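**Q** Pasting a structure below so you can have a look.
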Amino acid sequence: MVRVILVSDTHLSRTAPEAEANWEAVLRHVGVTAPDVVIHLGDLTLDGARSPHDLAEGRRQLDRPPAPWRAVPGNHDVGENAGGGAPDDRTVDAARQQRWLDIVGADHWAATVSRWTLLAVNAQLLGSGLVAETAQWAWLEEQLSGLRENQPVALITHKPVTATGAELAASPFYRFWPAPGRDRLGALVKDRPPALVLSGHVHQY
């Protein structure tokens, strides 16, 4: 049996002792359950989008669990999606994305866990117009086109992709994927949708 532990929205910072206390509880749980991998679903840090110190602290804490880990960035880590009304100092840009790459690691990746293919994306890039967004879409298309028939896929993203029409209409812009990204993903997976989507961001389960 393969065991995967999902963690999200830890908001780690040396200025947030309550968040770091929560992380200690995560570490104890990982130590007891001995998972094959720990996946962090984003918002690793309190304000990594503006603070390299928070990103460095988040990376330091990720290296502590006695298990391999993978992570994707959230809005607190690299900034909000562009075009949704967020102020410039809160919006993703190339420098913030690069800082994640330099300190934490890849912001999109593929992995195999047992018979599953995990495809993880940086949802904060959607709508940014950055070179990194174009590269990520090309990578995702390539990954999806190379799957074996009936291969189970889990999509990993900080922000939930979608919801009911009523919930989408009632929610702020930053709660789900931007509509153009959602539509593009839908077209990509129309014939072979992921068996599972794993996300954080809304502080619910």
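**Q** Condition test on residue 171, is it modelled with pLDDT of 95 or more and of a type in the set (Ser, Thr, Tyr)?
**A** Judged against the criteria, residue 171 is not a match.
**Q** Filter the range 64-115 down to the residues that are closer than 27 Å to residue 152 by Cβ and open to solvent by 70 Å² or more (accessible area, probe 1.4 Å) and list them by number.
**A** Matches in the range 64-115: 68, 70, 112, 114, 115.
**Q** Please work out which residue is farthest from residue 85 (Cα to Cα), limiting yourself to the range 165-205 and to residues that are assigned to a loop (DSSP other than H, G, I, E, B) and among the small types (Gly, Ala, Ser).
**A** Restricting to residues being assigned to a loop (DSSP other than H, G, I, E, B) and among the small types (Gly, Ala, Ser), the top hit is 195.
**Q** State whether one or more residues within the range 172-180 are more than 14 Å from the chain's Cα centre (by Cα), without any contact (Cβ under 8 Å) to a residue 24 or more places away in the chain and closer than 26 Å to residue 9 by Cβ.
**A** Checking the range 172-180: at least one residue is more than 14 Å from the chain's Cα centre (by Cα), without any contact (Cβ under 8 Å) to a residue 24 or more places away in the chain and closer than 26 Å to residue 9 by Cβ.
**Q** Additional query: Of the conditions (1) open to solvent by 10 Å² or more (accessible area, probe 1.4 Å); (2) within 18 Å of residue 5 (Cα to Cα), residue 61 clears all except one; give me its number.
**A** So the condition that residue 61 fails would be (1).
**Q** I've got another one for you. Is there a residue being open to solvent by 80 Å² or more (accessible area, probe 1.4 Å) and part of a loop (DSSP other than H, G, I, E, B) anywhere in the range 16-32?
**A** no
**Q** Here's another thing I want to ask about it. Among the residues of the range 39-57, count how many are buried (at least 22 other Cβ atoms within 10 Å of the Cβ) and more than 27 Å from residue 172 (Cα to Cα).
**A** The total comes to 1.
**Q** Just to be sure I understand, how many residues within the range 155-196 are within 25 Å of residue 45 (Cα to Cα), surrounded by 15 or more Cβ atoms within 10 Å (Cβ to Cβ) and of a type in the set (A, V, I, L, M, F, W, C)?
**A** Of the residues in the range 155-196, 5 are within 25 Å of residue 45 (Cα to Cα), surrounded by 15 or more Cβ atoms within 10 Å (Cβ to Cβ) and of a type in the set (A, V, I, L, M, F, W, C).
**Q** Being among the hydroxyl-bearing types (Ser, Thr, Tyr) and closer than 16 Å to residue 74 by Cα is the filter; apply it to the range 1-15 and report the residue that is least open to solvent (accessible area, probe 1.4 Å).
**A** In this case the residue turns out to be 13.
**Q** Select from the range 131-154 the residues that are loosely packed, with under 12 Cβ neighbours inside 10 Å and of a type in the set (S, T, N, Q) and list them in ascending order.
**A** Selection gives 145, 150.
The values are calculated or read from the model by the stated rules, or taken from the named source; none is laboratory data. Keep in mind the model is a prediction, meaning the values are calculated, not measured. Virtual Cβ from ideal backbone geometry, glycine too; neighbours counted across all protein chains shown. Ligands, DNA and RNA are excluded from the accessible area calculation, which covers all protein heavy atoms including side chains. Shrake-Rupley method; radii C 1.70, N 1.55, O 1.52, S 1.80 Å.
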